[in-house]
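Step one of this worksheet: look at the structure below.
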Amino acid sequence: MDFSLLNDEPVTEPGADLLGTGRAAGELARLLHDSRAATPFTLAVDAGWGMGKSTLMRLVQAELEQRRDVETVWYNAWTSLGADALEGLIKSVLMRFDRRFLRRAVQRVSERGTLVNAVGATLTVLGAPFGAAHLVDRFWTAMSVDASARNAMRDALRDLATEWAESAEHEPRRLLVIFLDDLDRCSEETVLAVCEAVKVYLDVPGLAFVIGCDRSALGPSGLLRDLGPAGSAFMEKVFQTSYRLPVPADAGVEAYVRHCAERSGLRELLDDDLVRLIADRSARNPRRIKRLINGFGLECALNPVWARFPPEAVLRTLLLQHLYGDFYRILVAGDGLYAHAAREFLDYRVARRVLSQWAPPDPEAWRTTTASVTGHGLAAPRPDAPDDWAALLARLEEELPTVYPALARDLGFVHLVEEWMRLDQVDELVTQLQRGGAVSVPPRGGPGPDEEDAGGARPGREYAGIRVLWVDDHPHNNTDYVRYLTRRGADVVQAENGHTAERVLTTLPVDVLVSDVARGTGREVGFTDLARWRAAGTYDGPAVFFSGRVTPAREQRCRELDARIADGGTELLRYVDAAVADVRRNRA
């Protein structure tokens, strides 16, 4: 089967729009055009990451460019750095004015004496060979030479824009629409520079701005959280009105999934249930859908492990990985006696239905329920005591991963797992996943353990002087995290069993303990080790358990041991950070 990748470019042609964006684009274009006598104004196209802001803006631009009295500028703020954004945006706007208006503007500036070299400006005005770019550079040089010239820039730009907009052949006036994209992806300095250009210098008749951004990312709790009251008030004045891009309708998103699958070569692998599942679990986000489908194609085409499995198996496994990361981590962990989480989950779902007495149990359902209950160390249910079943179900759920009850109510997930379990090679596939030879375990939010910190900074030496004891019978699973802690200055000592760990604890000072829970056939050995060390006074410091399987019973056990438990790398590192902070406070 041949696969191809999808690009992430916004739709620019109305005919290629599958999500109904074109209808909104037509209305917005009409509204902008009909409001040209009310300029200047700013419209924010407000939506989250990947929800189609750029596509809507491109379609609006295409609609406006069909009108004789409208000019457009597209400016991607993400391509600018800091204060350079102000110059780049103003120059981009100036380049859209007719050359004769630019010449007059430069001549007026020259006559006012604001150019450092008035003779050079006069030559610029009179010299026919000079193009618009040269005129724009001259104008900018004149108006940015010092503070007093910058103060005069707004008046100069107002005169230029008004003359251009009110040229005789256009009634009531011409319109220049500036599309600003990706503002919410910029640094604070760039955002403020762009907003300064929009509100201080380019807030003039004839100009309208359409700014694509996630307004929440630019709010006091987002990118601009360090702004004072005056800065926050200024940002509020930048946007006169906002259009919140609605979430696409179900039918449109499902059609979009099918279209992407068709283009990538995956269409025959997606039945209607999987299409609906992808649409729903991707939060109906077009960019996430593209990335998900691209991930399928890359894994199938490039990972040799998948050569032994049919494409259907690969697709459903990757759906589990990308759409249900919490469950996938449990599946690949293969923790202790619970080596096959998918089978455990389906048995639990049967037991949940039986013990909730939603329907009379048939013999097969009763056998499954009994096996599920007794397999987790509980007494078998009695057929003649249905009043006890609800309490038994509650005790069973204490021993199961915390995500199972919610997943049991997710019919899309249930269907995906049931179809996955019907595959001929599912047991071999699970074994391969648990050996780490197929797709990797996705992090539970946030950057991976070996990536840069937020903002692009590399980790420093925050853990200098801290010794971490990491106990795990499979130390290779923690290589990236150990490297991360070491790069931060920690001294990490690893032990593969409780005996070795105890020798370390009795010979070296240990500040933080990180441990697995299950080792070999011992499902709770990590807990029993820590309980013994606590009771003997061998170790009384902070402890964090790292396990693919977090259950209410395990969470309660951690509370009893004054420890924490994490099932994802981001959560683990957050707990280690807190533990290190506690250690430093106690030392102080």
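Bear in mind these aren't lab numbers, they're just calculated from the coordinates by the rules spelled out. Values in this document were obtained by computation on a predicted structure and should not be read as measured data. Every residue, glycine as well, gets a Cβ built from its backbone with ideal geometry; the counts of neighbours run over all protein chains shown.
Descriptive notes on the structure:
- Share antiparallel - DSSP beta bridges, region 467-588, percent rounded to 5: 5 percent
- Under the Karplus curve 6.51 cos²θ - 1.76 cosθ + 1.60, θ = phi - 60°, whole-Hz ³J(HN,Hα) for region 22-32, x wherever Gly or Pro sits: x, 5, 5, 4, x, 5, 5, 4, 4, 4, 4
- Centre separation in Å (Cα based) which lies between region 511-526 and region 25-41: 64 Å
- Net charge dipole size for region 539-588 [Lys, Arg +1 and Asp, Glu -1 on Cβ; Debye, nearest 20]: 60 debye
- Counting Lys and Arg as +1 and Asp and Glu as -1 over every other residue whose Cβ lies under 11 Å from the Cβ of Leu207, the net charge comes to +3.
- Cβ-based net charge around Asp273, under 15 Å, with every Lys or Arg adding one and every Asp or Glu removing one: -4
- Estimated from the Cβ-Cβ distance and a Förster radius of 56 angstrom, the FRET efficiency linking Arg67 and Met421 is about 0.45.
- Rg and Dmax, both from the Cα atoms of region 321-435 and both in Å, are 14.4, 44.
- Net charge dipole size for region 348-427 [Lys, Arg +1 and Asp, Glu -1 on Cβ; Debye, nearest 20]: 120 debye
- Amide H partners (placed H, <5 Å) of Tyr243, local residues excluded: Ala44, Val45, Asp46
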